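Enquirer: Sharing a structure below in structure tokens format, with a few things to ask.
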């Protein structure tokens, strides 16, 4: 699926205060949904001996969709297109890889 298409379609379901001028709401939602993904993974370690069964993978897929929705909303709030965000990320990672800086810390390594 095209990322910008997803972003435009997801935007039609945005229902929160001050849509179009409220980056705080999707930022908080993104954090919450990422936490739900982490919690499901944590429970795999605790309850399933690190084994990801089909149901758990499906459940995580749904949560990742929620993460993507909030990324799309935050991007929209900031006037960014998801294709642009993804492209910038790939460019940054390629540069780090070429320079041998994939591991380490810092945004500008």
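The values are calculated or read from the model by the stated rules, or taken from the named source; none is laboratory data. Values in this document were obtained by computation on a predicted structure and should not be read as measured data. Quick reminder, even Gly has a Cβ in these numbers, built from the backbone with ideal geometry, and neighbours come from all protein chains shown.
Enquirer: Checking residue 97 against (1) at pLDDT below 95; (2) surrounded by 12 or more Cβ atoms within 10 Å (Cβ to Cβ); (3) assigned to a helix (DSSP H, G or I): exactly one of these is not met. Which one?
Expert: (2)
Enquirer: Go through (1) more than 26 Å from residue 85 (Cα to Cα); (2) part of a loop (DSSP other than H, G, I, E, B) for residue 21 and report which single condition fails.
Expert: The failed condition is (1).
Enquirer: I've got another one for you. Need the failing condition index for residue 75 against (1) touching a residue at least 60 places away in the same chain (Cβ under 8 Å); (2) surrounded by 16 or more Cβ atoms within 10 Å (Cβ to Cβ); (3) over 12 Å from the mean Cα position of the chain (by Cα), just the number.
Expert: Result: residue 75 passes all but (3).
Enquirer: Right, here's the next one. For the structure I just gave you, tell me whether residue 64 is surrounded by 13 or more Cβ atoms within 10 Å (Cβ to Cβ) and not in a helix (DSSP H, G or I).
Expert: no
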